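The values are calculated or read from the model by the stated rules, or taken from the named source; none is laboratory data. Computed from a predicted structure; not experimentally measured. Using ideal geometry, Cβ is built from the backbone for each residue, glycine included, and neighbour counts are taken over all protein chains shown.
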Amino acid sequence: MKFCNIEVESPFFLAPMAGVTDVPFRSVCEDYGAALTYTEMVSAKALTYKDEKSARMLHLPEKRKPCFAQIFGSEPDVMAEGARLAAEISGAEGIDINMGCPVSKIVGNGEGSALMRDPKLAEAIIKAVVAAVDVPVTVKFRKGFEAGADTCVEFAKMAEQAGVAALCVHGRTRAQMYTGQSDRTAITRVREAITSIPVLASGDALSAKACFEILDETGADAVMIARGAEGNPFIFEDCLRRMQGRDLRRPTCGELLDLLIRHAEEMVAWKGERSLVEFRKHALWYLGRLSGVKPYKVQMSGVSDLAHLKSICEAIRKEDPAVKEA
Ligand SMILES: Cc1cc2nc3c(=O)[nH]c(=O)nc-3n(C[C@H](O)[C@H](O)[C@H](O)COP(=O)(O)O)c2cc1C
C-alpha cells in the first residue's frame, strides 16, 4: 500500500514515543514487521539552536524502513526552520507535527496538544512547515483538549485545508492523558469528514486483535502501535500473521530473552554502554511477559553493563518460565 506516496508493507506503524522510539527500538520493531516508524518528538527550537542531542535523535541508520521525523513547537517561523533542519539532518520520508502531547511542561509552552485550543496558530504552523520542506507533512493530534471536548473533526478539516499529507488522531482528550479509553468513534468521524488524505488511528492498539478492530471500526488507513509494542515488538508479527490468516504465535522464553539481548546490544552499539541505564525500562517490559521472575526484575532494574544484563538473562533462561499472553 501507499502512504503519502511512500510504499509501505502494511498498515501497522510504530507510533512516536518520547524516550522509547529511538534507533534501536525502531530497528527491532521494523524487523518484526513495523511498516513505518516515527522518531521521538524533537524540539524545533532546540534544532534551531543547534542542540546536538536533539539533532542526534534525528540521525537515521542507513538500513531502515520509511520513517517520519516528529517535531514540536509553537512558533510558525521556528517550526518552519526546525522542520527544514529535521528533514535535512534525518533524510526522513516525512515530517510529523506533534499537536497531541499532553505533558504539562509542553502544554504550558503552548506546544503539543495546547495547539488544539488555538486552531489559528496551529494552521499558521502547518502552513509554514508545509512551505518549508519538500517532503510530506503530517499532523498528530487528539480528540480534543478539555475533558469531554470533541474538536477533532474541525481540527482535521483545518489541517487538511492547510496542506497536510495525512492526519493521525488519538481518540483521547488531553485531559485524559493516557488514561481511560480511546474513543474510536472520534477517529471514525474524522475519517468520514476527511476525503482527500489518509487518516491514521492511534489509541489502545494493544494487541493484533485490537489493531484489526480499530481499522475495521474506524475505516482508518493505518494504525499506530504505541504502548502495545513496549517489550512486545512481536505485536507487529502478530498483526502480519493475522493479515495473512495465520494463527498467532506466542514467543518462547528463549526468543524473548534473545530479543532482549539483541535490543540491548543495539542500544550499546548506538549510544554506548552507559545507555543501558535508559534501557532498563525496555528490559523490564520484556521481563513483564515472563511469569515468576520478580527477583530477576529487581536485578535488572540496577543493570548498567552488558555482561551483567546477559548473565541475568542466562539465569532466567535456565528456569524457562512461562510466557504470559501479551
Ligand atoms: C511513553 C510515551 C511517549 C509518547 N511520546 C509521544 C511523542 O513523542 N509524540 C507523539 O505524537 N505521541 C507520543 N505518545 C503518544 C503515542 O504515540 C500514542 O498516541 C498513545 O500512546 C496512544 O496509543 P496507545 O493507547 O496504543 O498507547 C507517547 C506515548 C507514550 C506512552
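Of the residues in segment 72-91, at least one is more than 18 Å from Leu14 (Cα to Cα) and of a type in the set (Val, Ile, Thr).
Candidates are the residues of segment 198-248 that are among the polar types (S, T, N, Q) and touching a residue at least 40 places away in the same chain (Cβ under 8 Å); the one that is surrounded by the fewest Cβ atoms within 10 Å (Cβ to Cβ) is Ser207. Only one entry of Asp51, Asp31, Asp77 meets the criterion of being within 30 Å of Asp258 (Cβ to Cβ) and of a type in the set (Asp, Glu), and that entry is Asp31.
To keep it simple, each residue is scored yes or no on (1) touching a helix residue (DSSP H, G or I) at 6+ places or on another chain (Cβ under 6 Å); (2) at pLDDT below 95; (3) farther than 19 Å from Tyr32 by Cβ.
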{"residue": "Ala229", "(1), (2), (3)": "yes, no, no"}
{"residue": "Asp238", "(1), (2), (3)": "yes, no, no"}
{"residue": "Arg250", "(1), (2), (3)": "no, yes, no"}
{"residue": "Ser275", "(1), (2), (3)": "yes, no, yes"}
{"residue": "Gln299", "(1), (2), (3)": "yes, no, yes"}
{"residue": "Ala322", "(1), (2), (3)": "no, no, yes"}
{"residue": "Ala326", "(1), (2), (3)": "no, yes, no"}
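Here is a check on your reading of the model: is Glu154 among the charged types (D, E, K, R), crowded, with 24+ Cβ neighbours inside 10 Å and free of Cβ contacts under 8 Å to residues at least 40 places away in the same chain? Judged against the criteria, Glu154 is not a match. Here is the figure for segment 157-178: residues that are of a type in the set (S, T, N, Q) and either in contact (Cβ under 8 Å) with a residue 60 or more places away in the chain or within 17 Å of Gly112 (Cβ to Cβ) (or both) total 2. I'd like to check something: does segment 59-66 contain any residue that is surrounded by fewer than 20 Cβ atoms within 10 Å (Cβ to Cβ), more than 18 Å from the chain's Cα centre (by Cα) and modelled with pLDDT under 95? Yes, there is a match, as at least one residue in segment 59-66 is surrounded by fewer than 20 Cβ atoms within 10 Å (Cβ to Cβ), more than 18 Å from the chain's Cα centre (by Cα) and modelled with pLDDT under 95.
Scanning segment 126-135 finds one or more residues that are out of contact with any Gly (no Cβ under 8 Å at 6 or more places or on another chain) and not in a helix (DSSP H, G or I). Selection of first residues in segment 7-35 that are within 14 Å of Ala226 (Cα to Cα) and without any contact (Cβ under 8 Å) to a residue 60 or more places away in the chain and of second residues that are more than 15 Å from the ligand (Cβ to nearest atom) and among the basic types (Lys, Arg), restricted to Cβ pairs under 6 Å at least 6 apart or on distinct chains, gives the following pairs, ordered by first then second residue: Glu30/Lys65. I'd like to check something: does segment 18-30 contain any residue that is within 16 Å of the ligand (Cβ to nearest atom) and on the phi > 0 side of the Ramachandran plot? Taking every residue of segment 18-30 in turn, at least one turns out to be within 16 Å of the ligand (Cβ to nearest atom) and on the phi > 0 side of the Ramachandran plot.
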